[in-house]
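Here's the structure we're looking at; comments come further down.
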Amino acid sequence: MNKHLLSTGIATALVALLATGCATTETPNELQALQEREARLAQDDQVALYAGDAFNEASESVKSATKAWEEDEESLAEHHMYVSDKLLLNTEARTRLGKMEAEFSKADERRAQLELKAKNEALAHKQKEIDKLKAELSEAGSRQSQKANVLTLGDMLFAFDDDQLQPGSQAAIKRLAEFLKKYPDVKIVVEGYTDAQGSEEYNLTLSERRANAVQKALAERGIGKDRINTEGYGEANPVATNSTAAGRQHNRRVEVVVLDKGENYEAPVSTEQVSQRQ
């Protein structure tokens, strides 16, 4: 055999062997891409927040793929690379989902804040209207309640021992109807009161008739009766003395409790009447 040819063949084989050895130590593109993805995700704080467990699993799989390749276990390395790709995809998807949910949550929170702001502004505007109405009724001579949501209609609504609205009461009824039309979500409770003349039983019935008279007048102005409840309290809770004609006139009154949507009515606490009847 030609020694030159033999030497050439050995050299060629050695070069091929060296080349093969170098190829096994060089990280393939697929594994490099997985390592870069894993490193990029490791730098994202939101990955740990939304997909921490998934990322840890993916990271361990990438390490296993790297180790298998370094140990020349090509088939095992390919398996781990396949699994790593799926686990990284899962991590990325869960992170995106977490970010989206967080954005939606912030949007919902912002929407709730805006709705609350709008509601508070509407309530403030409504209370301003109530205060304005109370001022108008006060100028007409009616003693207004200190309660923010209670209107006292004019003291001239009813004559003594009568449940018919006086002609002078129409301005107050009209103004109240306008308010209710402006705020269709509002309901009211009309409370009727009398002075202390006559028996308590009779006065209780009379006060109920007076409350019903106001309900009827409002209904005639287009306010549904389903928005108006009536209560009669007779001579309870006087706002003035019953020992004078002027005081008794003040006590012959109707109070209107304004209720916002979902608000419950609380009946007034009765006060002692014995001294007032003297």
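Return the residue satisfying two criteria in turn: it lies in the stretch 229-255 and is among the aliphatic types (A, V, I, L, M) and surrounded by 21 or more Cβ atoms within 10 Å (Cβ to Cβ), and of such residues it is farthest from LYS134 (Cα to Cα). Spell out how you get there, then give the answer.
Residues of the stretch 229-255 among the aliphatic types (A, V, I, L, M): 236, 239-240, 245-246, 254.
Checking which are surrounded by 21 or more Cβ atoms within 10 Å (Cβ to Cβ) leaves us with 236, 254.
On the way: ALA236: 22, VAL254: 13 Å.
Filtering the stretch 229-255 for residues that are among the aliphatic types (A, V, I, L, M) and surrounded by 21 or more Cβ atoms within 10 Å (Cβ to Cβ), the one farthest from LYS134 (Cα to Cα) comes out as ALA236.
Residue-wise test of (1) β-branched (Val, Ile, Thr); (2) out of contact with any Phe, Trp or Tyr (no Cβ under 8 Å at 6 or more places or on another chain); (3) on the phi < 0 side of the Ramachandran plot.
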position: GLN164; (1), (2), (3): no, no, yes
position: PRO167; (1), (2), (3): no, yes, yes
position: ALA172; (1), (2), (3): no, yes, yes
position: LEU180; (1), (2), (3): no, yes, yes
position: PRO184; (1), (2), (3): no, yes, yes
position: LYS187; (1), (2), (3): no, yes, yes
position: VAL190; (1), (2), (3): yes, yes, yes
position: GLU201; (1), (2), (3): no, yes, yes
position: ARG221; (1), (2), (3): no, yes, yes
_Those residues of the stretch 29-72 which are closer than 10 Å to THR91 by Cβ and not charged (D, E, K, R), in sequence order_ = LEU41, VAL47, TYR50, ALA51, GLY52, ALA54, PHE55, ASN56, ALA58, SER59
*Selection from the stretch 161-193 of residues that are more than 21 Å from ASN149 (Cα to Cα) and buried (at least 20 other Cβ atoms within 10 Å of the Cβ)*: LEU165
*Does LEU97 satisfy the condition of being surrounded by fewer than 16 Cβ atoms within 10 Å (Cβ to Cβ), within 33 Å of the chain's Cα centre (by Cα), in the same structural domain as ALA48 (by TED's automatic domain parsing) and closer than 30 Å to LEU49 by Cα?*
yes
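Scan ASP108, ASP45, ASP72, ASP53 and give me the residue that is more than 30 Å from GLN144 (Cβ to Cβ), touching a Ser or Thr at 6+ places or on another chain (Cβ under 7 Å) and either assigned by TED's automatic domain parsing to the domain that holds ALA148 or surrounded by fewer than 17 Cβ atoms within 10 Å (Cβ to Cβ) (or both).
Working: ASP108 fails: touching a Ser or Thr at 6+ places or on another chain (Cβ under 7 Å); ASP45 fails: touching a Ser or Thr at 6+ places or on another chain (Cβ under 7 Å); ASP53 fails: touching a Ser or Thr at 6+ places or on another chain (Cβ under 7 Å).
Criteria check complete, one pass: ASP72.
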*Can you tell me which residue among GLU191, GLU178 is outside any helix (DSSP H, G or I) and under 36 Å from the mean Cα position of the chain (by Cα)?*
GLU191
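Just one of THR8, THR20, THR24 is at pLDDT below 80, touching an Asp or Glu at 6+ places or on another chain (Cβ under 7 Å) and either in a helix (DSSP H, G or I) or surrounded by 13 or more Cβ atoms within 10 Å (Cβ to Cβ) (or both); which is it?
Every option except THR24 fails the conditions.
Taking ALA236, is it modelled with pLDDT of 90 or more, within 25 Å of ARG175 (Cβ to Cβ) and in the same structural domain as ARG175 (by TED's automatic domain parsing)? Working first, answer last.
Numbers: modelled with pLDDT of 90 or more: yes; within 25 Å of ARG175 (Cβ to Cβ): no; in the same structural domain as ARG175 (by TED's automatic domain parsing): yes.
Considered against the rule, which asks whether it is modelled with pLDDT of 90 or more, within 25 Å of ARG175 (Cβ to Cβ) and in the same structural domain as ARG175 (by TED's automatic domain parsing), ALA236 comes out as no.
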*Would you tally the residues in the stretch 196-243 being over 21 Å from GLU266 (Cα atoms), aliphatic (A, V, I, L, M), in contact (Cβ under 8 Å) with a residue 40 or more places away in the chain and in contact with a helix residue (DSSP H, G or I) (Cβ under 8 Å, 6 or more places away or on another chain)?*
5
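The values are calculated or read from the model by the stated rules, or taken from the named source; none is laboratory data. Fair warning: this is a prediction, and the values are worked out from it, not measured in the lab. When we count neighbours, we look across all protein chains shown, and the Cβ atoms used for this are built from the backbone with ideal geometry, even at glycine.
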